[in-house]
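One structure is given here, and the rest of the page talks about it.
FYI, it's all coordinate maths here, none of it is from the lab. The shown structure was predicted, so the numbers you read here are calculated from the model rather than taken from an experiment. Ideal geometry is used to build each Cβ from the backbone, glycine not excepted, and the neighbour counts take in all protein chains shown.
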Amino acid sequence: MVVKVYSRPDCQPCRLTKMRFDKLGIPFTEVDLDDTALAYTRSLGYTSAPVIEVDYGEGVTTSWAGLRPDYIAALAETLTPPG
């Protein structure tokens, strides 16, 4: 699984999203929302930051925009082995 966080340096929701990922042990790659990345996230239909893209492999991806603690928690659960 590959997680990308498209963000801007001055974006509070971006900072909080990355903090939650760190706290829950979700590895991610941060992508600066430069002109190229901005065009890409807009092509997905998003106009606000952060944009999170999760690639589960084998062509299965999901994405969302904004600070979404519920989505982050659900993603963290997919990383937790059944106990």
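Below are the figures for this structure:
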read-out	value
Dipole of the chain, positive direction: furthest Cα of Y6, L67, I52, with charges on the beta-carbon	L67
Dipole magnitude of the range 1-55 about its Cα centre (Cβ charges: Lys, Arg +1; Asp, Glu -1), debye to nearest 20	260
Helix-only CD estimate at 222 nm, as mean residue ellipticity for the chain, using -39500 (n - 2.57) per DSSP H run (n ≥ 4)	-12000 deg cm²/dmol
Residue of V60, V51, V31 that the Gaussian network model of the chain assigns the largest fluctuation, springs spanning Cα pairs under 10 Å	V60
DSSP bridge orientation in the chain - percent antiparallel, rounded to nearest 5	75
Efficiency of FRET between Y40 and A74 - r from beta-carbon atoms, R0 22 angstrom, step 0.05	0.40
Calculated on alpha-carbon atoms, Rg and Dmax of the range 1-76 in Å	11.5, 34
